[in-house]
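Asker: So that we are looking at the same thing, I have put the structure below in C-alpha cells.
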C-alpha cells in the first residue's frame, strides 16, 4: 500500500481510535488462573506455634489442643509445676512469646493466681525470645489465698499465648 | 514482549525495591492462640497435697483446711498424739515432705515445743518420702517446760508443710 | 514448614536434651501450704490430764500446777489421805493412768514410802482406766518406818503421772 496522506491519516485514525490496542505491545484482557491452596492444620505439638503441657497432672485430655485441667489444687497454698509448658517456635523467624489474660501479662506475674516463669526471664520482662526451632519450658505456678474450696480463686478460664516476629 | 534494555532494567528495579520481603524465607508474623484453663481447688483431704488431722482432740473445726486447735495442753508436761497428722501424696510423682516453722525443721525435732515424727524416720532426717497415693501418719508432740499457763510456750502459730518432687 | 532432614534431626535433638523432662509424666513440683496452729495451755485442774489435790493438808500453794507439800508427816507411822488426788480424763479417748517414780510403780504400791490406791484397783494392777470426762479419786498413803525425823524416808522428790490411750 502506497503511503498516501489519506492512508497515513487512516492509520493515524486507527491509532487514535484503537489507541493502545494497536500500539499495544500485546496483552490479554482477562486472565483467569486457578492456583492450588494446600493449607493444613496441625495439632498444638507440631504447629507453627508449638505448644505442649509436659505435666501430666496439669494436662487435660485433648490430644490436639492443649488445655490446663486440674481439680485438686490445694487451697491456702502455692503450687508450682516446673517446666510444665513447652513452647516451640516451628516458624522460620525468631519470635517473641507472651502469655496474657485479657490485658494482664501472665509471664513473670509473680504471685498472681496463675503465673508463668522461665529461668532466663529477667525481672520485669513479660515475654521471651524464641529462635527458630527453639523450645522454652515455662514453669506454671498457682497462688491460692483463700481457704474456701468453693470460692473463686481468680484463675482465668482462658489464656492467650501470642508469638510475634519482630519488626525488621 | 521484546526484551528491551528498558524492560530488563525495570525488572531489576522491582527486585531492588522489594528487598528482603521478596527474598524472605517467610515466617508467621503473629500466632495468637486462646487455650482453656480449667483449674479447681479441693479441700485439704483430697487436694494434691492431702492433709488430715486424725486426732479429734487436736483438730480444729474447719472442714476444708486443717488447723491444729487445742486450749487444754498440760503445762510442765510432754503430750504426744500418735498418728495424728495424715499426709497423702495425691500427685503423680514421688515427693519429699517436710514441715517447717520459718527456718526450723519440725520433723524429727525431738524435744521442741512442737514436733512431728514418724516411725520410718531415721535419726537426723527431717523429711519423709511419699510415693504416689501413699499416706504417712505423723506423730505430733508438744513439750511444755513452763509451769505457768500464761507464759508463751514457743509453739508456732503457723507451720508450713512442703511437698517437693525430686530433680530428675 | 517442610519436614526436611535437618528439621527432623533438630526435633530429635530436643528430645535428647530434654531427657527425662520431656518424657516425664509430670506432677506438681512443689506445694507449700501454711496451716494455723492455735495451741494454748491450761492449769492442771482443766488440762487434758486433769490433776487436782483435794486434800488441803497435802497440797502446795501453786495454783496452776499441783504439788504435794507437807512438812509435818509423822515418823514411825502410816498416814493416809483418802480421795486426795483427783485425776480427770479431759481428752476424747479412754486412757490408762499410772504413777511412777522412775521405774517404780506407785499405784497399788502397798507399803511403799509413798503410794497411791483406788477402790476399783485390783490386786497387782498398777494402773486405772478412765473414760472420757471421768474422774478417779486416789488415796495417797505414806509409810514412814524410821523414828528419826532427819533420816531420808525414801519418798521421791518427783512423781510422774502418765495417761495413755490404748492401741486401737
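The values are calculated or read from the model by the stated rules, or taken from the named source; none is laboratory data. Being a predicted model, the structure only gives us computed values, none of them experimental. Cβ atoms come from the backbone with ideal geometry, glycine included; neighbour counts cover every protein chain shown.
Asker: Every residue in the stretch C:136-158 that is within 16 Å of residue C:51 (Cβ to Cβ) and buried (at least 16 other Cβ atoms within 10 Å of the Cβ), please. Write out each step before concluding.
Answerer: In the first step, residues of the stretch C:136-158 are kept if they are within 16 Å of residue C:51 (Cβ to Cβ); the result is C:136-140, C:158.
Result: C:136, C:138, C:139, C:140.
Asker: Limited to the stretch A:38-52, what total is found for residues that are more than 10 Å from chain C (Cβ to nearest Cβ), part of a loop (DSSP other than H, G, I, E, B) and within 16 Å of the chain's Cα centre (by Cα)?
Answerer: Total meeting the criteria: 6.
Asker: Which residues, taken from the stretch A:98-127, are crowded, with 21+ Cβ neighbours inside 10 Å and closer than 19 Å to residue A:49 by Cβ?
Answerer: Across the stretch A:98-127, the qualifying residues are A:99, A:106, A:116.
Asker: What are the residues in the stretch A:80-116 that are within 21 Å of residue B:41 (Cβ to Cβ) and away from chain B (no Cβ under 14 Å), if any?
Answerer: A:110, A:111
Asker: Kindly establish whether residue A:14 is more than 30 Å from residue A:85 (Cβ to Cβ) and either modelled with pLDDT under 85 or under 55 Å from the mean Cα position of the chain (by Cα) (or both).
Answerer: Judged against the criteria, residue A:14 is a match.
Asker: A further question follows. Could you give every pair whose Cβ atoms fall below 6 Å, whose first residue belongs to the stretch B:142-168 and is more than 8 Å from every other protein chain (Cβ to nearest Cβ) and on the phi > 0 side of the Ramachandran plot, and whose second residue is modelled with pLDDT of 95 or more and surrounded by 15 or more Cβ atoms within 10 Å (Cβ to Cβ), counting only separations of at least 6 or pairs across chains?
Answerer: So the pair list comes out as B:154/B:113.
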